[in-house]
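Colleague: One structure follows; several queries about it will come next.
The values are calculated or read from the model by the stated rules, or taken from the named source; none is laboratory data. Fair warning: this is a prediction, and the values are worked out from it, not measured in the lab. Virtual Cβ from ideal backbone geometry, glycine too; neighbours counted across all protein chains shown.
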Amino acid sequence: MADVEHTIGLLLGTEDDWPRAYEALLRRLGVVTGPDGRSHRAISERVTIEPFNLRYRPRHELVIDRLAYWYYHPREWLKKIALMDDVYLLNSPFTFQSMEKHAAYCAMMRLGLKVPETVLVPYKNPLDNSRYAYTAARYNQAFDLDATAAQVGYPMFMKPYDGGAWVGVSRIRNPAELHAAYDASGERLMHLQAAVEGYDVFARSLTIGPETMVMRFRPEQPMHSRYEVDHNFLSADVGDEVVTISRLVNAFFRWEFNSCESLVRGTDVHPIDYANACPDVAVTSLHYYFPWAMSALLRWTVFCVVTGRKPRLDTDTSRYFAIGDDPSLSYAEKLAGYRKLADEYFETERYEEFCARHLARVDEIVYEWVTSEEFRSLLRETVRATYPVHEHEKFLGHFGGLIEAWVRDNKRS
């Protein structure tokens, strides 16, 4: 039987570090023997933006999208290849057109997660639309911002309903700050969301397919120091709940490359942000955790193309809501039900068996690559492209030390 070649498209914006890493690891992986007994090779190519006929047949079997959340032309290309050609996409363009948080809050509230109290307020300034004045005069109700804020309680956060990267987010401690932030919001549609005061841990989990890494996150630090290397900052039960919530969100919305932020207070997990169309996987952010992210992305994409995993654009929300709406189930029982549905969607058991039988070399390949001159060159070039000249030596030492820590912790026997 002839070898099978699979093409994986990379739809990219400005980033170059992790794509180079992924491309290098895919080359090193080479041929994989699939469950069908045939030899499979996955290759990647960077997708270019150009006119496309709606009836053309793409050569890609899978696309990793990091661009279409803001660039509409490739977004429509993704919709076309998903609807007409069954190309596998890690994030569904139908539920993830932008980093829009509102629907995610609503869905997870109905499912019973401990989302802080949240209110959506109208635009402060009129939209640039000729029909706005008439509609607003006839239908927009006057409202008392202070009374609305009282429903939420101080302190709170004002944040864009569709925002990302902490842009436009304000911590509100009193009415004066409330009005100042609302006046500054302009034409941005904003949520008011209760703060989780006195939380113990800010956890950020990155999930790729059925794999999740939960990391201790320090948002007050500069980006190179936000992910703290700490392997025991959550109890086993709380850590498992964070993982379950992350995978639930992804399975529910058909997102397979996404990050989730949660505040942990005692034994309560409060998810506060879990819709990220372009989760951070830069080596200068993840550092110690970067090799894991590349390993997981390699395993999941190869599994999908080699096994012929089919996209499921139908979200089947009724199965989740049947659990969430059942008053006889405890919170723990609901989480267990959601985890079962998520594992079913991601074919977790089949995936783990596939990795054990056909991708057992991945950890060794990644270790050898991280300890190679090729990786050191990538790290040097990324640091030089990211930081000013006078900081190069400092950050090469900083990230080099963190990578060396990963190497020690993952040393091959």
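Colleague: What number of residues within region 31-46 are part of a strand (DSSP E or B) and out of contact with any Gly (no Cβ under 8 Å at 6 or more places or on another chain)?
Modeller: 6
Colleague: Hey, could you check region 198-236 for residues that are charged (D, E, K, R) and under 29 Å from Phe303 (Cα atoms) and say which is farthest from the chain's Cα centre (by Cα)?
Modeller: Arg216
Colleague: Against the conditions (1) within 30 Å of Leu335 (Cα to Cα); (2) among the basic types (Lys, Arg); (3) more than 26 Å from the chain's Cα centre (by Cα), where does Lys114 fall short? Just the number, please.
Modeller: Tallying (1) within 30 Å of Leu335 (Cα to Cα); (2) among the basic types (Lys, Arg); (3) more than 26 Å from the chain's Cα centre (by Cα), Lys114 fails exactly one: (3).
Colleague: In addition: Residues in region 371-409 that are over 26 Å from the mean Cα position of the chain (by Cα) and among the hydrophobic types (A, V, I, L, M, F, W, C): how many?
Modeller: Going through region 371-409 one residue at a time, the tally reaches 2.
Colleague: Continuing with the same structure: Which count do you get for residues in region 262-274 that are closer than 22 Å to Ile64 by Cβ and either surrounded by fewer than 23 Cβ atoms within 10 Å (Cβ to Cβ) or touching a His at 6+ places or on another chain (Cβ under 7 Å) (or both)?
Modeller: Of the residues in region 262-274, 1 are closer than 22 Å to Ile64 by Cβ and either surrounded by fewer than 23 Cβ atoms within 10 Å (Cβ to Cβ) or touching a His at 6+ places or on another chain (Cβ under 7 Å) (or both).
Colleague: Moving to a separate point now. Answer yes or no: is there a residue in region 221-228 that is buried (at least 23 other Cβ atoms within 10 Å of the Cβ), outside any loop (DSSP other than H, G, I, E, B) and not β-branched (Val, Ile, Thr).
Modeller: yes
Colleague: Restricting attention to region 89-138, report how many residues are more than 25 Å from Ser262 (Cβ to Cβ) and either in a helix (DSSP H, G or I) or assigned by TED's automatic domain parsing to the domain that holds Ile172 (or both). Outline the logic, then answer.
Modeller: Filtering region 89-138 down to residues more than 25 Å from Ser262 (Cβ to Cβ) leaves 89, 93-94, 122-138.
When the remaining residues are screened for being either in a helix (DSSP H, G or I) or assigned by TED's automatic domain parsing to the domain that holds Ile172 (or both), the result is 122-138.
Summing the residues that are more than 25 Å from Ser262 (Cβ to Cβ) and either in a helix (DSSP H, G or I) or assigned by TED's automatic domain parsing to the domain that holds Ile172 (or both) in region 89-138 gives 17.
Colleague: Can you name every residue in region 11-69 that is acidic (Asp, Glu) and either surrounded by 14 or more Cβ atoms within 10 Å (Cβ to Cβ) or touching a residue at least 60 places away in the same chain (Cβ under 8 Å) (or both)?
Modeller: Glu15, Asp16, Asp17, Glu23, Glu61, Asp65
Colleague: Go through (1) part of a helix (DSSP H, G or I); (2) out of contact with any helix residue (DSSP H, G or I) (no Cβ under 6 Å at 6 or more places or on another chain) one by one and return the number of the condition Ala277 breaks.
Modeller: (1)
Colleague: Just one of (1) more than 19 Å from the chain's Cα centre (by Cα); (2) charged (D, E, K, R); (3) closer than 30 Å to Ala332 by Cα trips up Lys101, so point out which.
Modeller: The number of the failed condition is (1).
Colleague: Restricting attention to region 275-324, report how many residues are among the polar types (S, T, N, Q) and either within 21 Å of Arg361 (Cα to Cα) or assigned by TED's automatic domain parsing to the domain that holds Lys159 (or both).
Modeller: Selection size over region 275-324: 3.
Colleague: What helices (runs of 4 or more DSSP H) lie completely within region 282-327 and have 2 or more residues being without any contact (Cβ under 8 Å) to a residue 24 or more places away in the chain and over 30 Å from Ile403 (Cβ atoms)?
Modeller: Here the list reads 317-324.
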